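To keep things clear, I will list the structure first and then write my remarks on it.
The values are calculated or read from the model by the stated rules, or taken from the named source; none is laboratory data. Keep in mind it's a predicted model, so treat the numbers as computed, not measured. Cβ placement follows ideal geometry from the backbone for every residue including glycine, while neighbour counts extend to all protein chains displayed. Ligands, DNA and RNA are excluded from the accessible area calculation, which covers all protein heavy atoms including side chains. Shrake-Rupley method; radii C 1.70, N 1.55, O 1.52, S 1.80 Å.
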Amino acid sequence: MTRRALIVLAAAGVTVGASWLVADGARAQQQPPYSPPTEAIPPTGPADPNLRTVPLPNGKKLHLLPATLETTQWGWFDNAQPPVLRINSGDTVALETMMHSHNQVVPGTTIEQIKKLRTDHPGRGPHTMTGPIYVEGAEPGDVLKVTINKIVPRSYGVNFNVPGMFGEFPKEYQDGQVKYLYFDWDRKVTEFLPGVQIPLRPFPGTIGVARKEPGRYSTVPPGEFAGNMDIRDLTEGATLYVPVHVRGALLWTGDSHAAQGNGEVNLTAVETAYREMNITIETIKGKPLDFPRIETKTSWITMGFDQDLNKAWDQAKAQTVKFLSEQRNVGADQAAKLMTTVSDCRVSQVVNVKKGVHCLNPKNPSAREDMERPTKETAKYYVSHAKDADLNKAMDTASMGMIKWLESEKKIARLDAYGLASVAMDCRVGTISDSEKNVHCLLPKSIFVGKR
């Protein structure tokens, strides 16, 4: 039986008998468990794009984009990559995504194997990206509008920290751990630990267009092309607006999440893959944008990214002031003052080389987001608060404070505490001045459904 035939049978869920191994029993015992191939098997012929298209009543098209070795890339973007799908503005795409490392991080994969997948492939991210999708007529200077209509994840996910390498505290966590989780979609929760349930709100951790710079780039850092933003509010019903940098835009998505905390401190969210991510893609002309924005039902979200969290805050503030000036038709000085009373800013993540801050700005001028910034426990939240002249240090102290509190007060093992903070903690930016930056990390009491 050929290798290709075996892979086809395994992918179809067919159990292959052991008789084909009998000829060399010693070698058979050394065979590693099956893992998905990481190199494309030559196809019998090119795909027919017409067989991926379904006409819609409105005259547009629905495109079906499966996640295969031919329609995905592992860990990189490249604006010279040939598109796997071409669509018109206004079309809808129902696409699939894979788990990390071309679907190799699945239940049963150990933390040692996960680490080896990173160390053996330096210079790329862990994410498997579906795409790129070429949008006919999209040109540099346009804006791509991507509306998320529906997300259907797999039945399981994973959270892990790679020992001694990544995350907010690699020196403190030289040991690693991987946890595989089952999703209860009837109740939209997953049990992270006995008596600890995380609400499920799926969103793409990474979605973006091609960079303007030629060459191959890791999927890890976000930027003006969007990418690995890890903004958990970009869920069903939300829309991403991102500036186009190359002809056709070239849209990718992957790094699919089922839930995440604001901060994502141990490197990962509740990572999963999507059986369906249904998006509508439109090109907007004549309204240029210099940086991504997100629209939700209630808010516009502005953002900033930098290796230094202070500079990420500065960029998020500049983008927010610009947006409020446009929205309220006021000057920059007035918009800056307004920001302190209406904008709800959060630490998106601190683990993607470039750290992120995003600000939720209410659509209704008389309404505000949840601006609560407690310094101690409330009826709804456990709280860890820190202040420092350096926003990086304030974030480190506040988030580690919550992790240590989980260990001491909830008696949660240290690696579990690190992971729980990553998937459930909400780190918010408080009062900011030249001499003092405040970070408030909140953990909802509602996730604890049983005694610990």
- [ ] Quick one: dipole size for region 281-350, taken about the Cα centre, charges +1 on Lys/Arg Cβ and -1 on Asp/Glu Cβ, in debye to the nearest 20.
- [x] 180 debye
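Let me know the charge dipole size of region 38-104 about its Cα centre in debye, to the nearest 20, where only the beta-carbon of Lys, Arg (+1) and Asp, Glu (-1) is charged. Working shown, then result.
Working: 4 positive and 6 negative charges, 61 e Å.
Value, rounded to 20: 300 debye.
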- [ ] Check the straight Cα-Cα distances from Lys363 and name the aspartates and glutamates below 19 Å, setting aside those fewer than 8 residues away within the same chain.
- [x] Asp233, Glu236, Glu295, Glu326, Asp344, Glu372
Task: Sites Arg414 and Glu326, calculated FRET efficiency, Cβ-Cβ separation with R0 45 Å, nearest 0.05 - done: 0.45
Open item on the list: No solvent, one uniform scatterer per C-alpha: report log10 I(q)/I(0) for region 99-233 via the Debye equation at q = 0.10, 0.18, 0.21 1/Å, two decimals.
Closed with: -0.43, -1.25, -1.49
- [ ] Restricting things to alpha carbons, find the Rg to Rh ratio for region 338-452 using the Kirkwood radius for Rh.
- [x] 0.98
Open item on the list: Let's see if you can work this out: charge +1 on each Lys and Arg Cβ, -1 on each Asp and Glu Cβ, no other charges. What is the dipole magnitude of region 283-403 about its Cα centre, in debye to the nearest 20?
Closed with: 340 debye
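Using the Kirkwood formula on the Cα atoms of region 313-381, what hydrodynamic radius do you get, in angstrom to one decimal? Before the final figure, lay out the partial values.
Working: mean 1/r = 0.0755 Å⁻¹.
After inverting the mean inverse Cα-Cα distance, the result is 13.2 Å.
By how many nm would the segment from Lys212 to Lys60 lengthen if fully extended, with 0.36 nm per residue of separation less the alpha-carbon distance? If you can, show how the numbers build up before the last one.
On the way: separation 152, 0.36 × 152 = 54.72 nm, distance 2.88 nm.
Length gained, Lys212 through Lys60: 51.8 nm.
Quick check of the Kirkwood formula: for region 157-202, what is the inverse mean of 1/r over all pairs of different Cα atoms, in Å?
Working: mean 1/r = 0.0836 Å⁻¹.
One decimal place: 12.0 Å for the Kirkwood radius.
Considering only DSSP beta bridges where both residues belong to the chain, give the percentage that are antiparallel (nearest 5). Numbers along the way, then the final one.
Numbers: 88 of 98 bridges.
Antiparallel bridges: around 90 percent, rounded to the nearest 5.
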Open item on the list: With every protein chain left in place and a probe of 1.4 Å, what is the accessible surface of Leu415, to the nearest 10 Å²?
Closed with: 20 Å²
TODO: Order the peptides 386-395, 352-361, 256-265 from the highest to the lowest mean number of other Cβ atoms within 10 Å of their residues.
DONE: 256-265, 352-361, 386-395
- [ ] Could you name the lysines whose alpha carbon sits less than 25 Å from that of Lys171, not counting residues in the same chain fewer than 8 places away?
- [x] Lys115, Lys116, Lys179, Lys311, Lys354, Lys355, Lys387, Lys393, Lys404, Lys410, Lys411, Lys437
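Taking Rh as the Kirkwood radius, which is the inverse of the mean 1/r over Cα pairs, what is the Rg/Rh value for the chain? The partial results should precede the final answer.
Working: Rg = 22.5 Å, Rh = 23.0 Å.
Here the Rg-to-Rh quotient is 0.98.
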- [ ] Could you check the simple spin-label distance between Thr44 and Glu70, using points 7 Å along Cα→Cβ, in nm with one decimal?
- [x] 1.2 nm
